[in-house]
Amino acid sequence: MPFDEYLSERIHNQLESMQLDFFAKRMMGGLIFMVNNKMFCGIHYSKKKEIHLLMARIGEEASIDALNKNGCHPMDFTGRPMKGFVFVTPDGYDREDDLEYWLQLCNEFNPLAKASKMNKKK
């Protein structure tokens, strides 16, 4: 299943309005948005739930409170949650202000995030 192009466009527009330098690339069966050569957020299709999920890299500290928000769940690909990442179901990002909330959390964490080894310049 391809990623949700409408959600992709919404994320793209929000990141532009935040004046962030970003690019998107296909990864993990979906689409990932990169900021400062670091994974920022993405779109993942859950075959199990048959919905598109927003993947947000918000850090471990923010994840604690975020998991109490509507539609937010631990990011779990393999049966083991990934620390600092969450999945958000459509009921948690359908409204523009909700999507903006998640992207703002990603933006606050991005300076603290480590770039993957393959993205580091030599």
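Taken together, the values in this text are just the output of simple stated rules run on the coordinates, not laboratory data. In this text, all values refer to a predicted model and were calculated from it rather than measured experimentally. Glycine gets a Cβ as well: all are built from the backbone with ideal geometry, and neighbour counts include every protein chain shown.
Structural remarks
- Cross-link pairs exceeding 18 Å in C-alpha to C-alpha distance, out of 25/69; 47/69; 38/114, comprise 25/69; 47/69.
- Neighbour cut-off at most 13 other Cβ (10 Å), DSSP loop, trypsin sites (Lys or Arg not before Pro), segment 3-57: 47, 48, 49
- Charged side chains reduced to their Cβ positions (Lys and Arg at +1, Asp and Glu at -1) give the chain a dipole of some 1000 debye around its Cα centre.
- Fully extending the segment from residue 25 to residue 77, taken as 0.36 nm per residue of separation minus the present Cα-Cα distance, adds 16.8 nm.
- Kirkwood estimate for the chain, i.e. one over the average of 1/r between Cα atoms, Å: 14.4
- Toward the positive end of the charge dipole of segment 59-122, with +1 on the Cβ of Lys and Arg and -1 on the Cβ of Asp and Glu, the farthest Cα among 63, 101, 77 is that of 77.
- Difference of contour (0.36 nm per residue) and Cα-Cα distance, residue 13 to residue 60: 14.3 nm
- Net charge contributed by nearby residues that have their C-beta within less than 14 Å of residue 63 (K/R +1, D/E -1): -2
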